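Accompanying notes for the structure given below.
What follows draws every value from the coordinates through simple rules; no lab data is involved. If you're wondering where the values come from, they're calculated on a predicted model, not measured in any experiment. Here the Cβ positions follow ideal geometry from the backbone for every residue, glycine too, while neighbour counts run over all protein chains shown.
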């Protein structure tokens with residue numbers, strides 16, 4: 001079996017994995033298509049990732065992978081199977097601490 005891999009050396013984006021500990025539950029039961037999970041930010045000074053999920057915030061860290069991974073897409077051209085490299089994954093964003101609730105104090109208006 002021959003495997004053909006197409007990789008344009010320029011223009012291949014770099015992606016990152018997101019690793020969460022535990023279970024993420026969505027309120028909606030029917031999930032059809034892409035769904036926004038939360039907002040990912042980086043702290044300005046320390047460049048640490050912060051993930052906001054609903055009313056919770058998770059602080060994480062960026063970890064370099066020992067072995068980079070390739071994200072590939074399978075295509076068929078002229079009865080030959082090709083795998084095109086879509087992205088390279090060299091790091092992961094690790095969120096292993098418990099989420100902290102976001103609490104806002106709203107004063108009552110009289």
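In terms of the mean number of neighbouring beta-carbon atoms within 10 Å, the peptides 55-62, 16-23 order highest first as 55-62, 16-23.
Taking one quarter of the surface of the convex hull spanned by the alpha-carbon atoms of segment 39-102 gives a direction-averaged projected area of 6.6 nm². Once the chain from residue 56 to residue 100 is taken as fully extended at 0.36 nm per residue, the excess over their C-alpha distance is 15.3 nm. Between residue 16 and residue 77, how many nm apart are label points set 7 Å from Cα along the C-beta direction? Placing both labels 7 Å along Cα→Cβ, they lie 3.3 nm apart. Per-residue extension of 0.36 nm, minus the Cα-Cα distance of residue 91 and residue 27, leaves a gain of 20.1 nm for this segment.
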